[in-house]
1. Given a Förster distance of 25 angstrom, what is the FRET efficiency for residue 96 paired with residue 68, based on the Cβ-Cβ distance and rounded to 0.05?
2. Quote the relative contact order of the chain in percent (integer), defining contacts as alpha-carbon pairs under 8 Å separated by 6+ residues.
3. Between 0 and 90 degrees, rounded to the nearest ten: what's the tilt of helix 18-32 against the longest Cα principal axis of the chain?
4. Could you work out the per residue convex hull volume over the alpha carbons of the range 7-97, in cubic angstrom?
5. Can you give me the distance in nm between label points at residue 31 and residue 77, each placed 7 Å from the Cα along the Cα-to-Cβ direction?
6. So how far apart, in nm, are the two label points at residue 23 and residue 39 if each is 7 Å from Cα heading toward Cβ?
7. May I ask you to derive the FRET efficiency for residue 61 and residue 87 from their Cβ-Cβ distance with R0 = 25 Å, giving the value to the nearest 0.05?
């Protein structure tokens, strides 16, 4: 059985775009939960900071790749340069045990 594929993405949002980013996150979650192969997909906001952390687990890397090719996901990232203070930090995760 292939190992699941996991990512952690950190988004540093420009303070003036916090509300818009939060709205887009809600849309992104709703659409992603419809995707084949999604095991876990959850955002958390850092307390007191305009920063969100996304933790996602997929049945396989292929499922994650297919997700990133969807028009709604491409649009989400197309808005990044306007909404974010800097490029998202993307971490590929591996099991620790």
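1. 0.50
2. 45 percent
3. For 18-32 against the chain, the angle is about 20 degrees.
4. 98 Å³
5. Distance between label points: 1.3 nm.
6. 3.5 nm
7. 0.75
Each reported figure results from applying straightforward, stated rules to the coordinates on display, with no laboratory input. Remember, predicted model here, so these are calculated numbers, not experimental data. FYI the Cβ positions are ideal-geometry reconstructions off the backbone, even for glycines, and counts take in every protein chain you see.
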